[in-house]
Every structure is written in structure tokens, then in C-alpha cells.
Amino acid sequence: MIKHSLSSQDPEVDAIIEREKKRQKEGLEMIPSENYASAASLEAAGSILNDKYAEGYPGRRYYSGNIHIDEVERLCQTRAIKAFGAEGYHVNVQPYSGSPANLAVYLGLLKPGDTIMSLRLDQGGHLTHGSPVNASGKLFSFVFYPLNAETEVLDYEAIQKLAEECKPQLILSGFTAYPRKVDFEKMAAIAKSVGAISMADISHISGLVIGGSHPSPFPFADVVTTTTHKTLRGPRGAMIFCKEEFREKIDKAVFPGMQGGPHEHTIAGVAVTLGEALRPEFKEYAAQVVKNASVLAQTLLSQGLKLVSGGTETHLMLIDLRPFGPGRGVFVTKALEAAEINVNFTTVPNDPSVPFYPSGIRLGTPALTTRGMKEKEMEVIGTWIAEIVKTFANVPLPEEKEKRSQAVKDFTKALEENEVVKKIRERVNALASKFPVPGIDA
Ligand code: DSN
């Protein structure tokens, strides 16, 4: 077999990848939707399975030569059902990612214009849960349930009441920026009581669900979608689980409804990831993710910072920067990035600012836990984050819209020479160097 190494064939692309490896190794990835896939999973996802077309499903393909592709897709399905304890469900492992998976569910089970209930987007819902700029919001009629204004957690009584008023065809639970546990059994019961389909999008927490560190949507939800690369830490893909009665509609909605040829190399990588998730040590990882998040949250609180809902029960938390003034999320994110701590800015419930300049930051512990960091490291990192927040969250966002982008640019430039940033970056790099990154160092 001919082997061309990337470095000799295309040094330009190779150099970019090497720079990204260095960035991933030397900094702290705390964006809660990010993680590190294992070397084995990346190897499968980068394999020659990339080269095969396989429209259709195992045993029913539109192309010849799919004997081994069928094996890998079936293996991925079997492992998915086993890992999630989803016996009695069908699983489609072909969606390219979470957004097409969610859209396939809506298109497969509903008619355009039907009503879907989901969490308000500024309170933790996802783009594909009805944003007006997303296909979901353009094609379906979304009614949003809010969090309880005081506790900032789900209010199941209010959701029940709203469901009775608006009689949706589907009720969606599972969120992108919600730090508390979701009672999927209750959400499914609410849906059932009004004759709606219950759907859970567990993209963020699927690794915690497999590991037993978050309540499972199985066997309650009618349909469950998940990405494969967040707490589950595999290649970027998605899966849709559904009760048998929805099998045909879901499969048709994915192919030929939404997609052509499935990415079988990704499916192979997901199979490897699910094999890893079936090992006992995955439970320890999931429990550690939650323990780490809890210690990080406690550290931030003890430093005087405010967290949405007062803390976390999952892998993520949201720092509420409103006490410093509206719209400070971008400045704090930029300052943390300059210190090589990556988080993302986000809205907080009832945010007084606008989505592009929101008043919170979202951060979490999956990737650091995968590197082997524990409670001790979380305390130290929490102290650094708090110092950066307190140093930089006082920078006001200009009231005049046209001045905002320049203000962020000037602020970012000034960070290069900032002593607090320099000091913390050195500490970040020293700490990170002690923890290998799977897929890079393995
Ligand atoms: N972009 C993902 C997240 O960060 O939560 C969701 O798609």
C-alpha cells in the first residue's frame, strides 16, 4: 500500500494542524460542548471507509460493495442501543450532525406549521429548537416555555399549563446551555397528557447519561437525538433513537429526506467511541466530569461570582455577569482566550443585552476531565477564571451599536500586554503541559 504522509505531501495543511495541536495541548478547553476523541476513534473516522457510497440502510443499499459497510453500521447501532440501555428503540446512526438530526425528526413526524414547544433560546434552548433564523423556526410554529424567573430552573407545572393551552404536536426537552438535571420522565408525561410526541435532545449530556451521571430519557421519550462528540467524546456525528412506531418515518426523513450517502467513516468512529463508553472506566469519567463541574462552580461562587440557577448538576455552568453590567460576556471571553482558557459567551435568562453581546459565559469540564484533571485542578483553574472575570468584566459595552465591534478589537489588542493575562497564561501553560491530550499524545 502506498503511504503518503501529510507533512511531505502537503506541508501547508500539515503545519496548520500542528499549530492547532499545540493550541489544544497548551491551553484549557472549557467550552462544554467540546471534548477530545480517542486516537482509535479518530483513526476509524479518518479511515478508507470515507471512500464508500452507501445510500440506504444495512441490507438495503442503492450501491453495491457494501458488505463491510453494513457490518460497521450494524455494529454502531447495536453498541448504541446497549450503551444507552435503549432496548426496544430503533436507532438511526446516519445523521451528519445534531442540526440535521433534529430537523429530520421534525420533518419526519410533523407537518410544516405544526406546533412544537421548546425552551426559550436565550434561556438555554438550541438554534435548532425554533430560532427564527433556523429552518426549524421558519417551518414550524414554536411556542417557548421559560425557566422559572426566580430559580432559573425548569418549572414543570408551568410547562404542563402551557402545553394544555397551546396543544403542541411535539414537546422538546434537552438543552444547550442548561446547568441542571432534566426530568425526562416528567417531560414525557406532560407530552403524553396532551397527545404530543416527546422528544429529548441529549446532545450535551449523552456521555453523562451513558455513564449514569444524569437521568436517562429512556424509556420515556418517544424520540431522542444526540450528537456524538460532546460529553460522549467521539467524532462529530449524530444519532436518532425512536420508538418502533416512528422507525419508518425517521429513517425516511434522514435518507432520502435530508441526506444522501451516510458518512460511514464517521459511523465507524462513533462505533469505536461507543465501545469505549461501554467500558467500566467510562462511568468513572462521567462521574468525574460532574464532580469537577461542581468543584469549579463552588470555587467561582466562593470568589463572589454569580452562576445561573446558583450552580450546576451537570458538566456545565453559566457565569452571570449582569452584576458587572450588561453585555460583558464578549470581553471576559476574549480575556480568558488571551490567557488560553477557552469558553464561550452566552445569554443569561432575561438577558438585558443582545445575543451577540450577551451578559454571560458558558463553561464546563468534559475536555479537562478527559485529560485527567480532577478536583484539585478545578479549584486552581476556578481561581484564575475568577481573577480574569473580576479584572475585565468592568469594561463597559458601548451603547452605540456601531462602536461595539471596534471596542472589542481595541480591548483584545490591549490584552497582549496585560500583566494579569500574561501571569495566568504562564500558569495555564504549565498546568496543561502535565496532562496529555488523547488523540495527540496517545
Ligand atoms: N454548538 C453546540 C454547543 O456549543 O452547544 C450545540 O450545537
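Quick note: the coordinates plus some simple rules give every number you see, no bench work behind them. These figures come from a predicted structure and were not determined experimentally. Here Cβ is always computed from backbone atoms with ideal geometry, including for glycine, and neighbour counts include all displayed protein chains.
When the inverse distances between all different Cα atoms of the range 214-281 are averaged and flipped, the Kirkwood radius reads 13.4 angstrom. From a point 7 Å beyond the Cα of S47 in the direction of its Cβ, which residues of the range 56-83 have a backbone N at a distance under 14 Å? Backbone N within reach: 67-77. Highest mobility in the GNM of the chain, judged by mean-square fluctuation with C-alpha springs under 10 Å and restricted to S141, S118, S213, is found for S141.
Exceedance of the 21 Å cut-off in Cα-Cα distance is limited, within the set K230/K422; K230/K374; K390/K434; K21/K376, to K230/K422; K390/K434; K21/K376. With all projection directions averaged, the alpha carbon convex hull of the range 308-356 covers 3.8 nm². In sequence order, the range 366-378 has phi-based couplings of x, 5, 5, 5, 4, 6, x, 6, 10, 3, 4, 5, 5 Hz under the Karplus curve 6.51 cos²θ - 1.76 cosθ + 1.60, θ = phi - 60°, and Gly or Pro positions carry x. Of D155, D410, D351, the residue with the greatest mean-square motion in the GNM of the chain, using alpha carbon springs below 10 Å, is D410. Estimated translational diffusion coefficient (Stokes-Einstein, Kirkwood radius over Cα pairs, 25 °C, 0.890 mPa s) of the chain: 108 µm² per second.
Close amide H partners of D320, meaning residues 5 or more places away or on another chain with modelled amide H under 5 Å apart, are K306, L307, V308. Cβ under 11 Å from G275's Cβ, G275 left aside: what net charge do those residues give with Lys, Arg +1 and Asp, Glu -1? That works out to +2.
Karplus-based coupling profile of the range 9-16, in residue order and whole Hz: 7, 9, x, 5, 5, 4, 5, 5, with θ = phi - 60° in 6.51 cos²θ - 1.76 cosθ + 1.60 and x standing for Gly or Pro. Treating each Cα of the range 167-311 as an identical point scatterer and summing with the Debye formula, the log10 of I(q)/I(0) at q = 0.09, 0.10 Å⁻¹ comes to -0.34, -0.42. Percent of C-alpha pairs per 5 Å bin in the range 247-399, short distances first: 2, 9, 15, 17, 14, 10, 10, 11, 7, 5, 1, 0. What the Cα atoms of the range 153-209 give is an Rg and a Dmax of 11.3, 35 Å. Applied to the range 62-68, the Karplus parametrisation 6.51 cos²θ - 1.76 cosθ + 1.60 on θ = phi - 60° returns per-residue 3J(HN,Hα) values of 8, 10, 7, x, 9, 4, 7 Hz, with x for Gly and Pro. Which whole-number percent of Cα pairs in the range 351-442 have a distance greater than 16 Å? Above the 16 Å cut-off, the range 351-442 has 66 percent of its Cα pairs. Scanning the chain for GluC sites (Glu not before Pro) lying in DSSP loops with no more than 14 further Cβ atoms inside 10 Å, the longest uninterrupted stretch between such sites is 151-398.
By DSSP, the beta bridges lying fully in the chain are antiparallel in about 60 percent of cases.
Split the chain at each of the trypsin sites (Lys or Arg not before Pro) in a DSSP loop with at most 15 other beta carbon atoms within 10 Å, and the longest piece is 4-373. Cross-link partners of K111 among lysines, defined as those whose alpha carbon lies under 16 angstrom from its own and excluding same-chain residues fewer than eight positions apart: K138, K167, K249, K252. Measuring r between the beta carbons of T78 and K306 and using R0 = 45 Å, the FRET efficiency lands at 0.50. The residues T226, T369, when put in order of fewest to most other Cβ atoms within 10 Å, stand as T369, T226.
May I ask for the percentage of alpha-carbon pairs in the range 398-442 that lie more than 18 Å from each other? It works out to 56 percent of all Cα pairs. Bridging of K161 to lysines at a Cα separation below 20 Å is possible for K186, K192, once same-chain residues fewer than 8 apart are set aside.
The Cα-based radius of gyration and maximum Cα-Cα distance (Dmax) for the range 1-96 are 17.9, 50 Å.
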